[in-house]
1. Which one of these does LEU91 not meet: (1) under 25 Å from TYR158 (Cα atoms); (2) of a type outside the set (Val, Ile, Thr); (3) in contact with a His (Cβ under 8 Å, 6 or more places away or on another chain)?
2. Which of the residues belonging to the range 17-56 are surrounded by 15 or more Cβ atoms within 10 Å (Cβ to Cβ) and charged (D, E, K, R)?
3. If you scan the range 74-115, which residues turn out to be β-branched (Val, Ile, Thr) and at pLDDT below 90?
4. Might you check whether a residue that is over 24 Å from ARG198 (Cα atoms) and surrounded by fewer than 19 Cβ atoms within 10 Å (Cβ to Cβ) occurs anywhere in the range 57-74?
5. Suppose we filter LEU17, LEU82, LEU58, LEU38 for residues that are in the same structural domain as GLY140 (by TED's automatic domain parsing) and within 21 Å of LEU187 (Cα to Cα); which single one remains?
6. Among the residues of the range 47-55, is there at least one that is in a helix (DSSP H, G or I), in contact (Cβ under 8 Å) with a residue 12 or more places away in the chain, more than 30 Å from ALA189 (Cβ to Cβ) and not acidic (Asp, Glu)?
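The values are calculated or read from the model by the stated rules, or taken from the named source; none is laboratory data. Since this is a predicted model, take the numbers as computed values, not measurements. Every residue, glycine among them, receives a Cβ derived from its backbone with ideal geometry; neighbour counts consider all protein chains shown.
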Amino acid sequence: MQPEIVQAVGERWVWILDIVFGSVIGFGFQKLEEGLRLTAKSSVSAFMKHLFMAAGFLGFVIYDIGVYHILIKNFPYDVSSLSAARYVLDLIMAFLPMVIRVRGLSIDGGKPVFEILIALGLWHIAAMCWHFAASMQRNGVMPDVNTFSPHVAFIAMYWLTFALWYFPNGEDRQSKLAEPTGFLVFLAAALLLISIWRSHQMIQKFVSEPTHDHTRQASLSMTPDGPGQPDDSLPSISSLPQGPAHCGKHAAVPGMNLHRLLLDLDTGLKGEFLAYSR
């Protein structure tokens with residue numbers, strides 16, 4: 001398939017997801033306005049708690065959208081089964097934060113804690129599956145375990161915190177589930193801190209540093225076959241002679257060495273990116 005068609009398909013998929021993200025944010029603000037209007041009639045304390053929970057849940061949504069756009073620039077969609085799987089996971093991961101926010105800010109009929117925790121867990125599981133598919137699509141290997149460990153730790157933290165809140169002896173557990181505002185305030189604070197921390201990691205690693213797409217383009221333009229035609233016959237960096245004694249030989253083929261160096265560097269940086277997930 002022609003590269004222009006593949007790129008057009010990928011851009012259209014991103015465009016559809018942007019519409020979904022916009023709808024999620026718009027619907028969330030609509031529910032927030034309704035909740036704030038009703039809680040303001042109750043008490044200042046209820047109003048402030050509702051506003052804080054909204055900030056935590058909205059921060060998680062904004063974090064998800066921002067990180068998605070960073071990742072999709074480094075792992076664009078193409079026409080393949082793994083890419084299609086990533087797209088389905090992206091749709092699921094766009095829907096789940098809306099469930100978390102709407103259910104967490106519900107003011108009619110209580111706040112179902114289990115639904116919120118399950119939605120959070122599914123979001124992290126989907127993120128792990130996304131990075132598995134991205135790694136297999138790009139490198140043909142599983143991603144580093146560091147890609148999965150934060151998500152497992154976050155899921156464990158959510159449920160451990162819930163257990164510490166729910167199971168102490170002498171407490172009325174049904175009344176807790178009927179009015180779990182205290183737990184949801186803590187959960188919103190945890191999501192806000194996680195979103196800020198992970199966003200800072202992403203910005204420091206991939207936004208403050210230049211992207212490496214131009215590196216690949218530059219390397220391809222230096223091949224003997226012309227722009228965009230990688231030369232697989234070139235030796236790898238590891239196979240080239242090393243040390244000052246071989247400077248003359250290196251100088252005889254500067255384009256070959258620099259081309260392979262840029263390709264190896266680009267591949268290494270792309271692989272390193274997989275250690276940083278949503």
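1. (3)
2. Residues satisfying the conditions are LYS31, LYS49.
3. VAL79, VAL99, ILE100, VAL102, ILE107, VAL113
4. Scanning the range 57-74, I find no residue that is over 24 Å from ARG198 (Cα atoms) and surrounded by fewer than 19 Cβ atoms within 10 Å (Cβ to Cβ), so the answer is no.
5. Exactly one of LEU17, LEU82, LEU58, LEU38 is in the same structural domain as GLY140 (by TED's automatic domain parsing) and within 21 Å of LEU187 (Cα to Cα), namely LEU58.
6. No.
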